[in-house]
Every structure is written in C-alpha cells, then in structure tokens.
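One structure below.
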Amino acid sequence: MYIHRVFSATATIARNTFREAVRDRILYNLLFFALLLIGGAIFLGELSGGQEAKIIVDLGLSATLLFGVFIAIFVGVGLVYKEIERRTVYAILSKPVGRGQFLLGKYVGLCMTLLVNVLVMGAGVSLALAYVTNGWDPLILRIWPTIFLIYFELAVITGVALLFSSFSTPALSALLTFLVFIIGHLSGDLKSFATSLGGTAARWVFNALYYLLPNFSYYSFITPAAHGQIPTSASFLLAALYGCVYVTVLLSAATLIFNQRNFK
Amino acid sequence: MSNRRSVTALSVSILVGLATVVGISRATDIHNKEASSAPPSEEQLYLQGRTAKRLSLAFNGLAADWYWMRSLQYVGRKVIKYEETQSGQNGLDDLAALDLRLLPSLLRIATTLDPQFMAPYEYGAMILPTFNRAEAIALLEDGIAKNPEAWRLYQHLGYIYWQGQDYSKASETYGAGAKLPGAPRWMAEMSARTAAEGGSRRAAREMYQHLYEESTDDRVKELIVRRIMQVDSFEERDRIRSTLAEYTRLVGRCPASWREIFPLLRKTQLRVDPTSGAPIDPSGTPYLLSKQGCDVDLDTASRVPYK
C-alpha cells in the first residue's frame, strides 16, 4: 500500500512534468530545428560524392545528441528552480510527497520527454535514409541501438543537470552541466594524463576524475553506426547498466542536497 | 492609432535597416576585392587530425564528413580556377598543375577523425599519386593499419604501386589483400597478372574495370572511365598507325587526309566520322593526322587523357 502510494505520487509528478515540457515552446523549437537539420542532411549528402547515407546518419544522430543535450540541460536545470520560483513547490511538498519523490518524478518526466524527442528524431533519420536509398537500407534498422545509447547518455546528462539545479542557479547549472558533457567525452584523456604524469598525487587525482566523472565515451557510437556497425550486446548492456547506476548516484546526491535546503 | 503608427514605423525601420545592411555588405565586398590586388594566398588548416578528433567530442564522424566535403570542394574550386585562367578543360587529368597542396592534409584529417571512412582513401589513391605519390602510399598504409581487414585498401595501394611502375610491390600488395576474408578471387588473379605482365594494357584495363566496379564515388568513376578510354585509345592508335604504315608502303607517301585511307580504315573496324572519314576516339572526338599525315594524335578537344 505504501509502495503503491509512493509510486503513484512519483508517477503523477512525472506525468505533469512531461505535460509541462511538451507544452514548452522551447522544446518544440528544438525539435523543429533538429528535424530541419535532418532534412538538410539530404541536401548536404548530394555534395558528398556518393556518401549520402553516411552523412545522413552522422548529421542526424549528431543533431539528435546535440539537441537532446540542449533539452536535457536547459529544461533540466529549470525543473526544480521553476517550482521554487513559482512557489508551487510548497503546495507539492505540503502533501504526502517526499523531496526525493519530487526529484525522481521531475527526472522521470523529463526522461519521458527526451524519449519522445529521441524517438521522433530517430524516425526522422530513418525516413531520410529511406528517402536517399529509395526505400530500404539495412542502416535504417542498424542505427537504432545507437539511438538508444544516445538516449542513455541524455538520461545521465539530465541527472547531472538535476543535481546542479538542486543547489545552484539555472545559468550556473547549465554551464556546469555542459562542462560535464565536454569532460565526459574527453575522459580518455584524463586516463592518459593519469598514466603519463610522474607524481603520485596528480595520478590519483586524474584517475579519480576519470572514474568519478561520467564517461560518455561508452555511449559514443555514432561514427561506427554510420558504417552500419552495431554495438555488441555486452557493451550495450554495460552502458545501460552504467547509466542506471550513475543516475541512481546523481539522484541520491540531488535528494541529499535538496533535503537540506530551506525554502523559508 | 498610435499603436498602429509605431508598428508601421518599426516595420519600415526594419526593412530600411536590412536594405542598408545589404548595401553596406556589397560595398564592403567590392572595396575588399579592389583593395587586395595580390593573389589570394592558399588557405591554411588550423587543426591537425588528432586535435580535431579531440575537439569534435562525440561528433568525429560529422567532422570527418565536413573535411571530406571540404576536400571535394577544394579540388572542385581548383579545377574551376584552372579552367578560368587557362581557358580550357582540366577534368582532373593534369593534377600537378592544380597545386593541390592541402589535399593530403584534408584527407588525412578526415581519415583520422573516422578511420573506417573508405571514400577519402579511395579518392586519395586516385588523385594523390599524380602529384604526391609518397603521401598517397602513406595514407593507404595508415588506412590498412587501422582497417587490417579491408581488402579494398590493398586494392587501392596496389593500384598506386602499379601506377608508379613498381610492379613487384603492386603484385605483393594484391596478393596480401587476396588473403583477407571476403576478398574477391580476382585480387589473386591481379597479383599474378601484375607480376607477369607489369604495365600491359590487358592488366591496366582489368585493373581499371575492377576499380570502377568497386567504386561508389561518381567522380572517381568518371576518372576511371577516362583512364579506360585512354587504354582503348592507345590500342586504336596502334591500329591506325599500322594502317598508315600500310598506306605509305603501298602509295609511297603519307596520306594528306583521312579520306585517302578510308577503305583501309574500314577494315580495322574502327568507328569513323562519316563526313571527314576520320576515325573517332573513345570519347567521340575525331583523331587528328599529325607529322604531315604520317602519325595520329588526339584532338585537344578530346576527353581522352593525353598523359
């Protein structure tokens, strides 16, 4: 009975967050521009010397990731802040809803929005591929595991944005989340710094950063996907598991900080 | 009423402002063009491949596409510029004249960003050897190191060696590629033929035909078609020369026009222009009589490569 109540409250917050995000004009604009970009890939492909399909996959999936990151960051950092600013957080938290549930609901709501976006953009890329290949190409199906990897990455970025927004302003949270996105894609360099540096302390620091910051290279499969490759089931499942665990850590940390906040 | 006025005033100011901006841009462009009387210097690449790869984050495939298209545009611009200044067609035959000094770096960056991207290797194998054979070999060897299972890269590298008349290396490379899984049987045949016949026309035609069949790039295909036309033309010109020699032996002088040797030419089954009686080259342009009618040559308007 208790568990049902907890889930029901979280699901309600998630549903409302999803509705609010879908109604958000910024979200539609981003989606529109992403689809426009995918459409543009068809024309760019004509300049590519017979590489239309590769260019469409590269451009389409990169747009999916980039616009997804913008949505995750700009909507994610405002999730909690807006509720505090509008003072609606008092009304929500005065009900039998825990602060953790509130954050989890917000997170799930935005992840649902991102899932819709990613699926629409993925379908757009598939349609563009079908158009340039005059019907059918194995790439149309083979890109989908990569699309789900992009979604997992976006889920982690949303978690990071939510964590920062639980204690910081939207502008600073957006900046910090974007930096984490960049560092997460350069984690291989952190590892090589750690091995190339002589000092033990510096090695420890870089090793710690490598393991503690999110490693987005696990989700980077756009380039091989454009050649028709699909990730192995082991690497796909490990990436999904890594994302789940990392999001759990991020949401736990966000809840911990949010629990300490005084709204008076 | 005042609201309507302000909307009108703002709309007018936007339109006038945009028109002014366009005017200023045009004036600036004209001024800058006049100011720089010196020929524009060669553009520079700011990034090396590894730096570009690091900076492109998760988007290295997209960055590779960008550099690939830039390579095509770079060659295209050079060809247009050459044709404008030399008032003639280049058609990628005389690449040394185009000064394509940035092309090796552009292709290198594209393949560093996406090592599995085959189009730049293929394009490099076709274009680079004419002005930088060492760079062409280095590009293909790098590609083979990163894609050891790609037999097509061995085919392209073998072609570069063959074109450089290093037939033993070409044979060796075809042989190495033939051992890879998925390699077609003709790779082993090409290895044997290159070793036995070297630069024979039969080997050349076969090599170009396989390159044509495997290529997906229309520009590369066009280049290969012209090379096949060149091989055909060499054979046609040999037949015409023997006809000319036969005529000279019979009459005691070289012909003054194609009409004089028309009956002999018909026996060779060459295509002949019905009005002038001149034999037609593979691109459809009539051949020319040269050296006072004792030899045959390509017309300058012909699409068959001269060299």
In the range B:115-170, residue nearest to the other protein chains (Cβ to nearest Cβ) [restricted to those that are surrounded by 21 or more Cβ atoms within 10 Å (Cβ to Cβ) and among the hydroxyl-bearing types (Ser, Thr, Tyr)]: B:Tyr123
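Working only within the range B:54-69, note down all residues that are in a helix (DSSP H, G or I) and facing chain A (nearest Cβ under 10 Å).
At the first step, the residues of the range B:54-69 found to be in a helix (DSSP H, G or I) are B:54-55, B:60-69.
Within the range B:54-69, B:Arg54, B:Leu55, B:Asn60, B:Gly61, B:Leu62, B:Ala63, B:Ala64, B:Asp65, B:Trp66, B:Trp68, B:Met69 qualify.
Having 1 or more residues that are within 14 Å of chain B (Cβ to nearest Cβ) is the bar; report the helices (runs of 4 or more DSSP H) wholly within the range A:41-127 that clear it. Working first, answer last.
Values: elements: A:52-76, A:78-85, A:88-93.
So the answer is A:52-76.
Would you list the helices (runs of 4 or more DSSP H) that sit entirely within the range A:145-264 and hold 2 or more residues that are farther than 30 Å from A:Leu129 by Cβ and polar (S, T, N, Q)? Give the steps one after another, and end with the answer.
Working: elements: A:170-185, A:187-196, A:200-212, A:222-225, A:233-260.
Answer list for the range A:145-264: A:170-185, A:187-196, A:200-212, A:233-260.
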With the first residue restricted to the range A:220-235 and required to be free of Cβ contacts under 8 Å to residues at least 40 places away in the same chain, and the second required to be surrounded by fewer than 16 Cβ atoms within 10 Å (Cβ to Cβ), Cβ contacts under 8 Å at 6 or more apart or on different chains are none
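Readers should treat all values here as calculations from the given coordinates under stated rules, not as data from a laboratory. Everything numeric in this text was worked out from a predicted model, so none of it was measured. No Cβ is skipped: glycine too gets one built from the backbone with ideal geometry, and neighbour counts run over all protein chains shown.
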